[in-house]
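Undergrad: Input: one structure, supplied below.
Derivation of every value follows stated rules applied to the coordinates shown; laboratory data play no part. Remember, predicted model here, so these are calculated numbers, not experimental data. Every residue, glycine among them, receives a Cβ derived from its backbone with ideal geometry; neighbour counts consider all protein chains shown.
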Amino acid sequence: KVTQAEKLATIGEMTAVLAHEIRNPLGIIRSSAEYLTTKKRDGKIQEELLSNIIDEADTLNIVINNTLGLARYKTPEFGQLDLAEHIRGLLKRWIKSPEHNSRVIIEFENHQVCKIFADKNQLSQVFINLIMNSEDAMPDGGQITIEIHSKNNEVILLFKDTGSGISQEHKKNIFKKFYTTKDKGLGLGLAVSEQIVNAHNGSILLENNKNRGACARICLPCRPYKKMQFSLGEFGQVQEIER
């Protein structure tokens, strides 16, 4: 069990990281807004500052969503989902979003119908976290390839990129809460993703491709186990309970 001291230490660590991550975007938003209140305004600069405000507000939204995802995890709401169709729709929305790195090409070729029972909103969060990580690893451009494979009673999803890959040091810590190698970010995206996949009775693994880049491998059962349900334990730990 998590002791009171460990709980307080976790809360303290989360508070410190949150304060750091929120302070920077707020500073940019404030300075941009202050400039916009001045009498003399250059049209091009004004447009750039308004864009900064929107971008930093989006950054704050991601920080809040990842934090809430870890602190107030919800039991999956299982429903039938056409996985390929869901990913196609997700990618159409993603490439139009301001967070998307337009230098990165995303390829998804899948013509088979692949239906599973899952929580589509939670899986969307996992997929977006993986895509964002890959794009961050390729700031100058690259390619993400998404594949779906069916095997027996499970589905295997592969998210491959052409980035620099994952070092051995990072690989052993990559799913730990608050662990990050980025200048921005809480280090919660993969921790939340692993939690969601585990709650679907699946598994997630990050490894390097043979030639170049990294690959996220997600295995999901086509149907959730009938005799198991999931509940939220201490600090977002998923517990299995027999019905």
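Undergrad: Highest mean first, how do 46-54, 119-127, 208-216, 192-200 rank when packing is the count of other Cβ atoms within 10 Å averaged over residues?
TA: In descending order of packing, they fall as 192-200, 119-127, 208-216, 46-54.
Undergrad: Pulled fully out, how much extra length does the chain show between residue 113 and residue 61, if you take 0.36 nm times their separation in residues and subtract their Cα-Cα distance?
TA: That works out to 15.4 nm of additional length.
Undergrad: Using a ≥ b ≥ c from the Cα gyration tensor of segment 99-168 (square roots of the eigenvalues), is it rounded, prolate or oblate, where a/c under 1.5 gives rounded and otherwise the larger of a/b and b/c decides, a/b for prolate?
TA: Prolate, since a/c reaches 1.5 and a/b exceeds b/c.
Undergrad: Any chance you could run the full-extension gain for residue 30 through residue 75? It's 0.36 nm times the residue separation minus the Cα-Cα distance, nm to one decimal.
TA: Between residue 30 and residue 75, full extension yields 12.4 nm more.
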